[in-house]
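Remarks on the structure that follows.
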Amino acid sequence: MKKVRVARDDAALIYALGVAALCLSYTALADVAARAGLGDWQAAVWPLVVDGLIVAATRAVVTLDAGPARRYAWLLLWSAVAVSVAGNVAHLLLPPGPVHPGVAAAVAVVPPVAALALTHLAIVRARALAGTATRDANNRPENIITEPVEGDDAPASPASSQLTVVPTPELESGDLDDDAPADEGDALRHRARQLRDAGLSNYAIADQIGRSEATVRRWLAASVAS
């Protein structure tokens with residue numbers, strides 16, 4: 001994934017607004033958690049679970065390529081946003097004092113669900129990034145295996161062992177027999193024999209004349225037999 005560099009001024013503005021928004025959300029969510037019956041330190045930690053899941057899911061979304069892992073990160077992100085928005089709305093609309101038991105139950109359910117979601121997200125993200133790294137490594141030029149040139153007794157250098165270019169000998173006009181057949185099939189057979197005499201392999205000959213290697217092998221075997 002291509003990295004995008006953010007200007008320093010833009011980054012400072014984003015961080016400042018993000019911290020301000022998180023502080024306001026933290027205050028509202030902590031109040032709802034306290035009114036739901038959580039203790040002082042529990043009510044102080046509960047908003048970190050909700051908004052922390054938003055931050056973790058956002059990071060996964062922007063660092064993963066398109067696929068199931070990224071869709072799962074989007075699902076967690078919008079789920080955490082929904083919980084945070086609902087908590088902030090409840091902070092303003094619910095009457096003072098203890099909240100309804102249903103709201104308290106929802107508040108109590110959030111931490112274990114968030115712990116499960118974050119653990120699963122970490123595993124899914126790690127597997128997705130490992131798969132991307134493996135594909136990138138397999139696509140590197142040094143991992144492409146090519147066959148060496150036949151008959152080359154010189155030791156291969158690291159560069160030549162990675163990529164071998166087989167030159168195609170160019171036939172001079174004098175290489176063609178004066179009695180070369182005019183029929184296309186016979187002409188291709190004649191051409192195949194000439195390329196074999198020039199030292200090309202069956203696969204190289206097949207590429208030159210536009211036929212399969214099996215056809216070239218059959219033609220050459222027939223010419224030897226005749």
- prompt: Has the stretch 129-137 got any residue that is at pLDDT 85 or above, out of contact with any strand residue (DSSP E or B) (no Cβ under 7 Å at 6 or more places or on another chain), of a type outside the set (S, T, N, Q) and exposed (fewer than 15 other Cβ atoms within 10 Å of the Cβ)?
  reply: no
field: Members of the stretch 28-41 found to be touching a residue at least 40 places away in the same chain (Cβ under 8 Å) and not aliphatic (A, V, I, L, M), listed by number
entry: D31, R35, G37
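The values are calculated or read from the model by the stated rules, or taken from the named source; none is laboratory data. Remember, it's a predicted structure, so these values are computed and weren't measured experimentally. So basically every Cβ, Gly included, is an ideal-geometry build from the backbone, and we count neighbours across all protein chains shown.
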